[in-house]
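The values are calculated or read from the model by the stated rules, or taken from the named source; none is laboratory data. This structure is a prediction, so every number in the text was calculated from the model and none was measured. Counting neighbours? That spans all protein chains shown, and the Cβs are built from the backbone with ideal geometry, glycine included. In case anyone asks, the SASA skips ligands and DNA or RNA and just uses the protein heavy atoms, side chains included. Shrake-Rupley method; radii C 1.70, N 1.55, O 1.52, S 1.80 Å.
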Amino acid sequence: MSLLSVKLAWRNLWRNPRRTWLTVLPISLTIFLAVFLHAQQAGLENQILETLILPNFGHLQIQAKNTVTQDTLAVYLAHNQAVKSFTPRLENYGQIRFKTQIRNVALLGISPTSEANFSQLNEKITQGKYLDTPEKNQILISEGLANQLKINILDTIYIYHSISEKSTQSVCKVIVRGFIKLKSTEADENTVFIPITLMNLLFPSLSSTYLIQTKHSIPLENLASEMKKKLGTHYTIKTWPETAPDLAQMIQADQTAGWFLASIFYLLCGFNIFGTILMIVNERRQELAILKAIGMNTWKILQMLYNEIVMICVLGIFIGLLFVLPLVGYLEASPLPLSGVWGQSLQNMGFEPTLTFRLQASAIYLPTALMLFIMCLSAWYPRQIVRNLVINETLKNKVF
Amino acid sequence: MNFFTLEVRLAWRNLWRNPIRNFLLICLIIIVLGFGTYAVAFLNGLSFQRLQDQLNYSLGHLKITHPQFDQAKNVHNFIPNFSAVKGVLQRNASIEAFSGRCNVRALAQKNNRQWGIDLYGVDAKAEKQTLQLYQKITQGKYLSEKSNQNEVVIGQSLAQKMNIRVGDSLILQMIDKEGFIKTKTWQVVGIYKYVNQKFESTHIFVPIESLQKALNLPTNAVHQIIIRLKDRNITDTQVLDYQAKWPNLKIQSWQKTAPELAYLDVLMEYFFWIFNGIILFVLLMAIVNTMLMNILERSEEFGLLKILGMNNGRILKLIFWETLFIVFLGASIGLSLAGLSIYYGQNYGLDLSIYSAAWAGWGSSPIVYPFLKPYDLLKITSLLISTAFIAALYPTYLILQKTALQLRNSNV
């Protein structure tokens, strides 16, 4: 590429700055919107993973098929390099009695230390204290339930349970240690957290499930199948898309919708780029004919035109990124709070009512690559024009 | 006055002097408007489907309860004067059907594991007239209309979780009127499949008499009355009427019992403006670009027109007519394409079952029938036309502020 064609192209751009800006701006706008959209989507996905999936289902779940093999599982997990953290859970429904009131509740057996590490349950305490270790007969209850039954901290509660299959129900006396605020209204009205050691005593025939947080670098499916091979048939292993298929598909549906919107942007922008190229070439037919007449060959002319197009695109992409990156970076650090209907509906689904963003490398290079691709596609037109330019005819035909 | 004035004819001919560029712009409008309209129709269909499903299968239009009957579903809080209320409801001509139900929280038991469920005692005949859940039975049958049978209908999700089938027995534990824990066994006669998994895994139905007996309740004690109106739009007035009549009962419209459904409409409205706003903004850029090229490239020509005696008003008209033609062509084709595909969708439905699990959480059937609300088309079209005119303003301004000579001498 000769320096001359670059120079000419650069000067041509600023011969009609208005037109240049009019093409540069839509490109910038498209890049801006596309990066913004992708970042918002990644943010939402991340939010679903962090606030809904990880604390409730874990990246992986492993359940021993009988209670005997449970302990070896804990040892295996503690020594596995791919596991970042894990916690056992044992969930059952049951009845609690406070004074004369009996309520059906969800009993959730947790291990206080590893749970604090895994889902930061200790930070959700609104009143009272977190469970002590070593565990005693203490429980935490959700705030909504406490309000309905008018329970106070350190009140005594009875949990109904059955020791063996056939026996009638017996009760276990526990003390309320603290209240926990849960996001979903329904869970907030009927959840009781019990130390898992106590839960194992109450329901000896049930085996607990281990929730696992993996290190991000390893693909989940590979890890799951590797664990399946190692652990054998005594365990069931499920990845989070298997345990929460609706959430997995919700993410997928959201991604599809996002791509639909983004492709409209790209389409619009593609038309815009093509329109400009059309203009660059058509309005300068005579000029191009003169260049050709004084001996510039087709390829050189094309080089000049292509340089112009590349400059416009690169400038557009650059300006777009210049504005969007700091904005998204700022929003990633401090998410936008949402109020009104949007916020309410997010809260109902169990989310924080905020608009979160997350900037991934793919959110930048995908739109950029696509813009460059569109640019290459539309480079076909000037080639046709310049090649078929008949010098005499063009010079004679003044446009008006 | 002749409609086809000189400006109109000139504008029409100008369109075809540079067909490629105008054609591109028209294509763009077709695509944007087509997609935009279709997306709106699709979302309308989605939210309508969801509303319809929820009202028909689980909510009804009105719900009457004891004022203290809340999430805890305390067994004491039944409607005290059900017979009297029943008489009034039967005489109301705008009510299609109603169903009195007992409703308590219970535990389903199997192998020492327990599941929290929402137990409904229903009168099979009244329930069938009010809600259509009986149509969703996939295995076995719905509750028979004979009273006091030990039959139970459960959802597919629960059946899978508990690993039980039609014919198996189901042990339920609940708290009766005296506050004692009571265990009773029912026989599974039917399994229903409703799109909402959460509903499926919690709602189970038994005959009302058997539940009343198990809970030691009097025979006409019900906790809630679900009412289905002939016309959904009179829900609010009915609520006011009955609230005035029975101040000691709680009467709620479906908007109250399921607020997320009520503000779905508002959400969609927001989405409509954001989606179309963004698209039209990008389109605005494209139209400005094209019109600017269209007009500036002809500045010499406009100079000549001015010399020949065309005043600014007529030039303005000329440019506006050109814009209008482009928009009109693009819009009519785009809208008719969107219209055709919406028409197709209405007749055959769009099957979204690849995402069925996601829709299951969202609570509607995987088949969506897109449609447009009365003002949607008007809103989209007027947005587009105003966008086009805003886009034409700037280039027109550039032309009008210059004198004929300046225009003649300006070099493109």
What is the mean number of Cβ atoms from other protein chains located within 10 Å of the Cβ atom of each residue in peptide A:243-250, rounded to a whole number? 5
Tell me, what is the 1.4 Å probe accessible area of A:H38, in Å² to the nearest 10? 20 Å²
Measuring from centroid to centroid over Cα atoms, what is the spacing of the stretch B:84-118 and the stretch A:28-98 in Å? 36 Å
Neighbourhood charge, 12 Å Cβ-Cβ cut-off, centred on B:G179 and excluding it, Lys, Arg +1 and Asp, Glu -1: +3
B:L377/B:I20 FRET efficiency (R0 30 Å; Cβ-Cβ; nearest 0.05): 0.50
Once the other residues with Cβ under 11 Å from the Cβ of B:F272 are scored (Lys, Arg +1; Asp, Glu -1), what is the net sum? -1
Within chain A, what percent of beta bridges assigned by DSSP are antiparallel, to the nearest 5? 80 percent
Could you please put B:L350, B:L405, A:L327 in sequence from largest to smallest accessible area, using a 1.4 Å probe? B:L405, A:L327, B:L350
In a Gaussian network model over chain B where Cα atoms closer than 10 Å are linked, find which of B:K198, B:K184, B:K161 has the largest mean-square fluctuation. B:K161
Checked the stretch B:204-320 with the C-alpha gyration tensor, a ≥ b ≥ c its square-rooted eigenvalues, rounded below a/c of 1.5, otherwise prolate if a/b is larger than b/c and oblate if not; verdict prolate
In what order, largest first, do B:R9, B:R91, A:R103 sit by accessible area if the probe radius is 1.4 Å? B:R91, B:R9, A:R103
In degrees rounded to 10, the 0-90 angle between helix A:220-231 Cα long axis and the longest Cα principal axis of chain A is 40 degrees
Cα to Cα, under 14 Å, and not fewer than 8 places away if on the same chain: which aspartates and glutamates meet these conditions relative to A:K396? A:E287
Between 0 and 90°, nearest 10: helix A:298-333 axis offset from chain A longest Cα axis: 30 degrees
So for the pair B:I278, B:T403, with labels modelled 7 Å out along Cα→Cβ, what separation do we get in nm? 4.9 nm
For helix B:264-296, report the angle its Cα long axis makes with the longest principal axis of the Cα atoms of chain B; keep it between 0 and 90° and round to the nearest 10°. 10 degrees
Quick one: 3J(HN,Hα) in Hz for the stretch A:280-286, Karplus 6.51/-1.76/1.60 with θ = phi - 60°, rounded, Gly and Pro as x. 3, 7, 5, 6, 10, 3, 4
Can you tell me what share of the DSSP beta bridges in chain B is antiparallel? A percent to the nearest 5 is fine. 80 percent
Table column - 3J(HN,Hα) (Hz), the stretch B:325-334, Karplus curve with 6.51, -1.76, 1.60, x for Gly and Pro: 4, 4, 4, 4, 4, x, 5, 5, 5, x
Leaving out same-chain residues fewer than 8 places away, which aspartates and glutamates sit with a Cα under 12 Å from that of B:K230? B:E96
Scalar couplings 3J(HN,Hα) for the stretch A:135-152 by Karplus 6.51 cos²θ - 1.76 cosθ + 1.60 (θ = phi - 60°), nearest whole Hz, x for Gly and Pro, are 5, 10, 7, 10, 9, 10, 10, 6, 4, x, 5, 4, 5, 5, 8, 6, 8, 10
What whole number of Å gives the distance from the Cα centroid of the stretch A:350-382 to the Cα centroid of the stretch B:129-172? 50 Å
Quick one: how many Å² of A:W10 are accessible to a 1.4 Å probe, rounded to 10? 130 Å²
Ordering A:I294, B:I137, B:I227 from largest to smallest accessible area (1.4 angstrom probe), what's the sequence? A:I294, B:I137, B:I227
Kindly report, to the nearest 10 Å², the accessible surface of A:E226 as traced by a 1.4 Å probe over protein heavy atoms only. 90 Å²
Note to self: with every protein chain in place and a 1.4 Å probe, the protein assembly as shown gives an accessible area per residue in Å² of 46 Å²
The long-range amide H neighbours of B:G190, using H built 1.01 Å from N in the peptide plane and a cut-off of under 5 Å, are B:K141, B:V152, B:I154
Convex hull of Cα atoms in the protein assembly as shown, direction-averaged projection (nm²): 44.2 nm²
Would you grab the residues whose amide H sits under 5 Å from the one on A:L182? Only those 5+ places off in sequence or on another chain, please, with H modelled 1.01 Å from N. A:E143, A:G144
Which whole number gives the average, over all residues in B:337-344, of C-beta atoms from other chains lying within 10 Å of the residue C-beta? 0
Could you tell me the distance between the Cα centroids of the stretch B:188-253 and the stretch B:16-62, to the nearest Å? 36 Å
Cut-off under 5 Å, modelled amide H: who pairs with B:E96 long-range: B:R228, B:L229, B:K230
Interface size B-A, as summed buried accessible area [1.4 Å probe, Å², nearest 100]: 5300 Å²
Let me know the mean shielding of B:275-288 by other chains, meaning the per-residue number of their Cβ atoms within 10 Å of its Cβ. 4
Partner lysines for B:K213 [C-alpha distance under 17 Å; skip if fewer than 8 residues away on the same chain]: B:K146, B:K177, B:K182, B:K184
Among beta bridges assigned by DSSP with both residues in the protein assembly as shown, the antiparallel ones amount in percent, to the nearest 5, to 80 percent
Rg (one decimal) and Dmax (whole number) from the Cα set of the stretch B:99-175, in Å, equal 12.8, 38
Can you tally the net charge around B:P218? Count Lys and Arg as +1, Asp and Glu as -1, for every other residue whose Cβ sits under 12 Å from the Cβ of B:P218. +1
Between A:K181 and A:H79, what is the FRET efficiency for a Förster distance of 51 Å, r being their Cβ-Cβ separation, to the nearest 0.05? 0.90
For chain B, alpha-carbon Rg over 2.2 N^0.38 Å: 1.46
So what is the 222 nm mean residue ellipticity for the protein assembly as shown from helices alone, if each DSSP H run of at least 4 adds -39500 (n - 2.57) and you divide by all residues, rounding to the nearest 500 deg cm²/dmol? -17500 deg cm²/dmol
